[in-house]
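First comes the structure, then the notes that go with it.
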Amino acid sequence: MSESTPETNTAIPPVVILCEPQLGENIGMVARAMANFGLHDLRLINRVMVGRVKKRALLPAGLIM
């Protein structure tokens with residue numbers, strides 16, 4: 001069940017959290033999936049990046065880090 005705010009009685013959108021993502025492609029895939037469902041709040045915890053984050057992996061989602 002989603003929480004609602006007492007003032008507006010509307011649902012609070014969910015937050016997607018990635019713990020220790022290792023590849024930029026993983027972040028890109030999650031960002032694209034979130035965009036497909038209208039979600040916008042992505043939080044990264046303790047990024048452990050192997051190599052560089054390829055900006056083109058995030059472009060289809062319309063996101064740039």
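The values are calculated or read from the model by the stated rules, or taken from the named source; none is laboratory data. It should be emphasised that the depicted structure is a prediction, and the values quoted were computed from it without experimental measurement.
Here are the numbers for the structure shown:
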{"quantity": "Scope segment 1-39; condition at pLDDT 90 or above and part of a loop (DSSP other than H, G, I, E, B); matching residues", "calculated": "Pro14, Val15, Phe37, Gly38, Leu39"}
{"quantity": "Count of segment 40-65 residues which are among the hydrophobic types (A, V, I, L, M, F, W, C) and at pLDDT below 60", "calculated": "9"}
